[in-house]
Structure formats: C-alpha cells, structure tokens
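This report concerns only the one structure given below.
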Amino acid sequence: MCIRDRSYVKEKGLENLLNELFGVYNTTRDIDWDILPQKFVLKTTNGSHTNIIVKDKNQIDKVEVVRQLDKWLKKDFGKSNIEPHYSQMKPKIICEKFIETTDSHFPDDYKFYCFNGEPLYCQFMTNRHTDLSKGMMAIYDMQWNKIDVIKDKAIDINVAKPNKFEDMINYARHLSKDFPFVRVDLYNEGETIIFGELTFTPAAGRWLSVTDSMLDEMGDKLKLPKEKFINYKKKEV
C-alpha cells in the first residue's frame, strides 16, 4: 500500500475503512521505536510482500529489522518485476496497527477484481500466517457462487458467505469507479471492514494460480481508454 491509497480512500469519504496509522518514515532512522505499541506492522511502499509483522517489539531484533527494511527501500521492485509504476514511487516505510483476530493469525482477505467500477470476482484468501504470498483460497462471483478455476486443488477451499459481503461489494464499487481496472483488497474481521490496498497489476499480470480460461474471461472484460498518458516523474506517494 502507498500513502496515496490512504488519501484516495479519504477523498472518497471512506476514512472509516482505514487501519490506524502509527507513522510514515522516509528512512529507518526516522522510526521512534519507543513510541510504537507492542504490536504493529511495518511495510515499504515501493514493493510487494515487503512486510514485517511485529507481535511483540521487545522480542524482535531491531538491527535485523532495519537491515531488511533498508534492503527493501533500495530495491527497484518495478524493474525486477516488470511493474514500472513502482519505480516512480519515492520509497517510504509505513507503520500500521496489527489487526487482531480471534485465532491470532492474519485476517481473511477479500480481493475484489473491478472493471470500470464494477466488482465482478472476489478472491478469498486465508491461512496466510506463515507466508503472506501463499495460503488457501477460492474465487467467487458477486452472488457468492464459487467459480472452479483454481489449478492447485490442494489450496482450493469452500467458505461461507461473509456477513458483510454486500457492504464490501459496495465499498469496492465506490473505490474502483475511477479506474478501468483495479483490485480492491479488503479485510473483514468480525463486524469491521478494513481497507487493505488498491492493486493495479495483480501478480504482475501473471496470475498462475487460475486457469487460462479464467484469464481469457477477465481479459475480455478489460476495456482500456484510448488516451495514453505516462508521467515518468517520480512522485511522493
């Protein structure tokens, strides 16, 4: 997630969805460890899967955490993953509230694939407490009918429709209406819906977990504007 994501959510009048923010830092030297709570999450804005989950700050190796963050801040994620928009971002570190769950694992993740402001698919992900990039998942339509398109049946699951599903659809619709395509990521913990991020190039456009027919179907729904505009100036985001 970038800082611009949070600003955009506020602009859309949905500040209530934002997770609590403890700090935004240009470098690791700016982090004041003493004022942070015992639990929090650190993440860099210039990449993906660059997260450090801190459940007890007294138990972490701060030297190692700083080393890892510094390494991520220097990496040109956009170049190495063929997602050039990342290269335009000024790297920062975000510190957010750790989202508590009843089982002490990461919250379930609902990823809405939205085309021209209309959510069409929801990728549900759970059991990611060992690796944020992996876990069990399922794909549903907007009536919560499961779509059988996941290649690896070992990670394919069936789950009940969440109580807040309709609310999440409405939020995803509102947040996606300005874009020809975006994935709106939301968490639903109990009665609370929390914004995750806006993702414009999921899996760098190489979603290998689903069938080719699913990718073709999604590609057919993508309608890009005729205008072309690329601003290569590095921005504060």
### Task
For the chain, with all protein chains present and a 1.4 Å probe, just round the carbon and sulfur fraction of the accessible area to a whole percent.
49 percent
### Message
Explain nothing, just the number: relative contact order of segment 123-215, from Cα pairs under 8 Å at least 6 residues apart, as a whole percent.
### Response
20 percent
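Would you mind checking Lys97/Lys151; Lys97/Lys153; Lys12/Lys39; Lys71/Lys146 for any pair whose Cα atoms are more than 31 angstrom apart?
Check vs 31 Å cut-off fails for Lys97/Lys151; Lys97/Lys153; Lys71/Lys146.
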#### Entry: Nearest 10 degrees, 0 to 90: helix 62-74 Cα axis against the chain principal axis
50 degrees
### Task
Could you tally the net charge around Asp141, taking each other residue with its Cβ under 13 Å from the Cβ of Asp141, Lys/Arg +1 and Asp/Glu -1?
0
### Message
Given axes a ≥ b ≥ c from the Cα gyration tensor, I'd like to know whether segment 26-95 is rounded (a/c under 1.5), prolate (a/b larger than b/c) or oblate.
### Response
prolate
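Suppose R0 equals 25 Å. What FRET efficiency, 1/(1 + (r/R0)^6) with r the Cβ-Cβ distance, do Glu227 and Lys151 give to the nearest 0.05?
So the FRET efficiency works out to roughly 0.10.
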### Query
Using θ = phi - 60° and the Karplus curve 6.51 cos²θ - 1.76 cosθ + 1.60, what whole-Hz ³J(HN,Hα) does each residue of segment 14-25 get, with Gly and Pro shown as x?
10, 4, 5, 7, 6, 5, 5, 9, 8, x, 10, 10
### Accessible area in square angstrom per residue, the chain, 1.4 angstrom probe
55 Å²
### Query
Which of Tyr187, Leu198, Phe124 sits closest to the plus end of the dipole of the chain, meaning its Cα is farthest towards the positive end, when Lys and Arg get +1 and Asp and Glu get -1 on the C-beta?
Leu198
### Query
If the chain between Thr27 and Trp144 were fully stretched, how many nm would it gain, using 0.36 nm times the residue separation less the Cα-Cα distance?
37.8 nm
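The values are calculated or read from the model by the stated rules, or taken from the named source; none is laboratory data. This structure is a prediction, so every number in the text was calculated from the model and none was measured. Cβ sites come from the backbone with ideal geometry, for glycine too, and all protein chains shown count toward neighbours. To get the accessible areas, we keep the full protein, side chains included, count just its heavy atoms, and leave off ligands, DNA and RNA. Shrake-Rupley method; radii C 1.70, N 1.55, O 1.52, S 1.80 Å.
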